[in-house]
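Quick notes on the structure that follows.
Read-outs throughout are calculated quantities, based only on the coordinates presented, and are distinct from any laboratory measurement. This one's a predicted model, so the numbers in the text were calculated from it and none came from an experiment.
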Amino acid sequence: MSPDAAATIIPHLPWIIGGALALGAAGVVGWVHTTRLRIKHGYPLEGAWGQALKPSSDHEAKQRVTLLTQENAELRAELGAVKDRLANVERIVTDGGYQLGSEIDKLRERALEHRTDKGTA
């Protein structure tokens, strides 16, 4: 390395070292935050190679999976019922009788609008 190159780098050396330390600190803070969020939301912690640090084979985890499976089945059944009801509503609205009924109602409203009160009771 030439003396000129060293002379241009040395004044900036504190900024380079500070930037490297800040980048390392940001990485550590991000890792700690990610781990905290995993613990908070109940995700299993993993080691360096993806293996679980705490095996979740305890009774509480099994109950949780069972409850979530039951809730999932109930929600799927409810969604199926809503789809059936929506299909019925669509069939009613697109039915010719419904359209005919709405046209009759429009004619009645128009006839009532043109009617005038004679003032005799």
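Can you divide the C-alpha Rg of the chain by 2.2 N^0.38 Å and report the result to two decimal places?
Dividing the Cα Rg of the chain by 2.2 N^0.38 Å gives 2.65.
Among complete DSSP H helices in the chain, those whose alpha-carbon atoms stretch at least 20 Å along the helix's long axis and whose mean Kyte-Doolittle hydropathy reaches 0.0 are 13-40. Taking amide H atoms as placed 1.01 Å from N in the peptide plane, the amide H of Glu46 lies under 5 Å from those of Leu53, each 5 or more residues away in sequence or on another chain.
Only helices enter this figure: runs of n ≥ 4 DSSP H residues, each worth -39500 (n - 2.57), summed and divided by the residues of the chain, yield -26000 deg cm²/dmol at 222 nm to the nearest 500.
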